[in-house]
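The values are calculated or read from the model by the stated rules, or taken from the named source; none is laboratory data. Only a predicted model underlies this, so the values are computations on that prediction, with no experimental measurement involved. Here the Cβ positions follow ideal geometry from the backbone for every residue, glycine too, while neighbour counts run over all protein chains shown.
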Amino acid sequence: MDLHSQLQAAWDHVRATYKPGTIELTGVIVTQIVGFIIPATLYMLIDQILHCVQVTMFNHVWVVALYASLVYLAGLDYTFMNQDPVVPPWKTFIVDFTFGLLAREISFYYVHRALHHPSIYAYIHKMHHKYTAPVAFAAEYAHPVEHILANILPVTLTLYLKGAHFLSIVFFLVFELWEAAADHSGYNFLKLPPAELHDLHHEKFRVNYGTIGLMDWIHGTDVVGWDRPKARKVKIAE
C-alpha cells in the first residue's frame with residue numbers, strides 16, 4: 001500500500017470513528033501544536049541552550065567513558081566499590097546519606113570558593129557562570145577541571161573512602177544529581193534549600209557558594225555584600 005492509500009485509509013478511519021466537529025476541533029489544535037508550538041520550542045532550545053546541552057552531555061560521556069575504561073582494564077569480576085551481598089539496613093543508608101551530604105557541603109564550598117579566586121576564575125569557573133538565568137542543564141555546564149574538582153569528587157570520593165555500600169553511593173548520587181539540576185532550574189518543587197539561593201549566586205557571583213547553606217552561614221557568605229569594605233567609623237568631637 002502506497003503512502004496515499006495509507007492516508008486514505010487513515011482518513012476513512014477517522015471519519016468513521018469521530019464526529020465532524022471533533023475532527024475539526026482536533027485538527028485546529030494539532031495544527032497549532034505541530035505547526036508553531038513545537039518548532040518555536042525547538043528554535044528556542046537551539047538559540048539558548050543547545051551549546052549548554054552539548055557541553056553537559058560531553059562531560060557525562062567522557063566521565064562514563066573513563067570509568068568504563070577502568071572497569072574494562074580491571075576486569076568485570078573486580079569491583080572498585082563495596083558490593084556486599086547483604087543490603088545495608090536503613091540506619092546505614094541514613095548515616096551514609098548524612099555523611100555524604102555534610103562532606104559534600106564542606107568540600108564543595110571550599111573548591112567552589114577557590115574557583116572564584118581572581119587568579120583562576122577567568123580560566124575555569126567563568127564558563128559555568130555564562131548562564132545567569134535558571135537552566136537545569138547548566139548545572140554541569142563546566143570546564144573539565146571544574147567538573148572533576150567540583151562536580152565529581154565532592155560527591156563520590158568521601159563515601160568511597162568511607163567504604164559505603166554501592167547502593168548507598170547510588171542513592172546519594174541520584175539525590176545529588178537531582179539537587180544540582182533543581183538548583184539550576186529555578187523551581188522549588190520538593191527543594192530544600194530553595195533554588196533561589198543558588199539563583200542569587202549566579203546573579204551576584206560572590207554569595208552562596210555551598211549547597212545546603214551550612215558553610216555559607218559559618219563563613220558569613222550567605223548575605224550579599226559580605227566582601228565589601230566596612231564603612232569607617234568617624235568619631236565626632238563633642
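Please specify each residue of the stretch 189-207 satisfying the condition of being part of a loop (DSSP other than H, G, I, E, B), modelled with pLDDT of 75 or more and either of a type in the set (Val, Ile, Thr) or within 15 Å of the chain's Cα centre (by Cα) (or both). Passing the criteria: only Val207. Residues of the stretch 30-52 include at least one that is modelled with pLDDT under 90, more than 30 Å from Thr132 (Cα to Cα) and not β-branched (Val, Ile, Thr). Just wondering, is there one or more residues in the stretch 89-99 that are exposed (fewer than 10 other Cβ atoms within 10 Å of the Cβ), out of contact with any Phe, Trp or Tyr (no Cβ under 9 Å at 6 or more places or on another chain), of a type in the set (A, V, I, L, M, F, W, C) and in the same structural domain as Gly163 (by TED's automatic domain parsing)? Within the stretch 89-99, one or more residues are exposed (fewer than 10 other Cβ atoms within 10 Å of the Cβ), out of contact with any Phe, Trp or Tyr (no Cβ under 9 Å at 6 or more places or on another chain), of a type in the set (A, V, I, L, M, F, W, C) and in the same structural domain as Gly163 (by TED's automatic domain parsing). Residues in the stretch 108-155 that are in a helix (DSSP H, G or I) and β-branched (Val, Ile, Thr): Val111, Ile120, Val145, Ile148, Ile152, Val155. Of everything listed in (1) out of contact with any strand residue (DSSP E or B) (no Cβ under 9 Å at 6 or more places or on another chain); (2) under 22 Å from Leu177 (Cα atoms); (3) outside any loop (DSSP other than H, G, I, E, B), the single unmet condition for Thr92 is (1). When Ala139, Ala74 are checked against the criterion of being over 19 Å from Leu177 (Cα atoms) and either in contact with a strand residue (DSSP E or B) (Cβ under 9 Å, 6 or more places away or on another chain) or not charged (D, E, K, R) (or both), a single residue qualifies: Ala74.
For the stretch 57-80, the criterion of a residue being surrounded by 10 or more Cβ atoms within 10 Å (Cβ to Cβ) and farther than 30 Å from His143 by Cβ is satisfied by at least one position. Among the residues examined, Tyr18 qualifies as modelled with pLDDT of 90 or more and surrounded by 10 or more Cβ atoms within 10 Å (Cβ to Cβ). Taking every residue in the stretch 120-133 that is within 12 Å of Glu146 (Cα to Cα) and assigned by TED's automatic domain parsing to the domain that holds His147 and pairing it with any residue that is of a type in the set (Val, Ile, Thr) and surrounded by fewer than 15 Cβ atoms within 10 Å (Cβ to Cβ), at least 6 positions away or on another chain, the pairs with Cβ-Cβ distances below 8 Å are Ile124/Val145. Ile23 fulfils the conditions (1) surrounded by 11 or more Cβ atoms within 10 Å (Cβ to Cβ); (2) under 30 Å from Ser185 (Cβ atoms); (3) out of contact with any Pro (no Cβ under 8 Å at 6 or more places or on another chain) except for a single criterion, (2).
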